[in-house]
Amino acid sequence: MQAQAATRQQTALGGNTDTGWLKIVALVFMIVDHLGVAMFPGVMEMRMLGRIAMPIYAWCLVVGCEYTHDIYRYAFRLLVLAAISQPINMVALGNSWGKLNILFLLCLGVLVIAGIREKRFYSQFWAPLLGYLLLGFVSMDYGWKGLTFILLLYAARKSRGGLAAVILAFALFWGDSSSQVTTVAGMELTFLTWPGIGSVLMSLFRLQALMWLALPFILFQTHTKIKMPKWLGYGMYPLHLLAIILLLVLTGESFTSLLSVLIP
């Protein structure tokens, strides 16, 4: 009976529930993105590919909220990893104490979803409001836009078409204020000037808008059967940042100068 219930829950979701595989994909693109930030700032193609990571992690979070036996323990794991990751994030990527890493946002997303789902004392209304209020005082990676994206994915979680609409709409919204992408690996994207559809394509080929590249990974079910330990999936976040710090030191960056980010 439990297996049948799990199968019904899995088929109820509109997107890919193979989260072990998805987290590996997201990790690879996140590493590419962060290497671009830390070591190859002039290689914009690395930043473009990096836009794939966040939507996949956000979707894995939604799936995790559906499947977890204890949503608050899930949030606690994210909070612990976020706290551990913060100084490492600052050293590897040059951020400040004033900007919290993405794991804090994911933790907040889980707590808001818990409030929406449990409906305790009308928590479906005040939990999102508290989440946005907190983001008005505390800066987190991706901020209110990231929280909105997570909540919209949660709202559309049972519809593949709904998920596609959310991702494409948010790509257009998020990309509107980011830089235009006109070349890839030195090649001009001439199709962006095609009459009729060129203007739409140009909107999708802005840096932040390239999050739509995550669509096939999220929408189409895979069956790799990869299982990842609960702590490892998001635990790779601080581990890959430690690896970047090691690479920076090995390539000549002073460890003292890296630590100066923590204590200016």
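The values are calculated or read from the model by the stated rules, or taken from the named source; none is laboratory data. Keep in mind that this is a model prediction, so the values were computed, not measured. Every residue, glycine as well, gets a Cβ built from its backbone with ideal geometry; the counts of neighbours run over all protein chains shown.
Can we say Gly136 is out of contact with any Asp or Glu (no Cβ under 6 Å at 6 or more places or on another chain), surrounded by 19 or more Cβ atoms within 10 Å (Cβ to Cβ), closer than 25 Å to Tyr57 by Cα and not hydrophobic (A, V, I, L, M, F, W, C)? Considered against the rule, which asks whether it is out of contact with any Asp or Glu (no Cβ under 6 Å at 6 or more places or on another chain), surrounded by 19 or more Cβ atoms within 10 Å (Cβ to Cβ), closer than 25 Å to Tyr57 by Cα and not hydrophobic (A, V, I, L, M, F, W, C), Gly136 comes out as no. Within segment 182-199, identify whether any single residue is among the hydrophobic types (A, V, I, L, M, F, W, C), more than 28 Å from Asp70 (Cα to Cα), within 21 Å of the chain's Cα centre (by Cα) and part of a helix (DSSP H, G or I), and answer yes or no. Within segment 182-199, not a single residue is among the hydrophobic types (A, V, I, L, M, F, W, C), more than 28 Å from Asp70 (Cα to Cα), within 21 Å of the chain's Cα centre (by Cα) and part of a helix (DSSP H, G or I).
Taken as a whole, the condition of being surrounded by 17 or more Cβ atoms within 10 Å (Cβ to Cβ) and at pLDDT below 95 applies to Leu93.
If I ask for residues that are hydrophobic (A, V, I, L, M, F, W, C), surrounded by 12 or more Cβ atoms within 10 Å (Cβ to Cβ) and without any contact (Cβ under 8 Å) to a residue 60 or more places away in the chain, which ones from segment 178-193 would you list? Selection gives Leu189, Leu192. Meeting the requirement of 1 or more residues that are closer than 26 Å to Leu247 by Cα and within 18 Å of the chain's Cα centre (by Cα), the helices (runs of 4 or more DSSP H) wholly within segment 64-140 are 71-93, 102-118.
When Gly146, Gly162 are checked against the criterion of being of a type outside the set (Phe, Trp, Tyr), more than 17 Å from Met54 (Cα to Cα), assigned to a helix (DSSP H, G or I) and touching a residue at least 60 places away in the same chain (Cβ under 8 Å), a single residue qualifies: Gly162.
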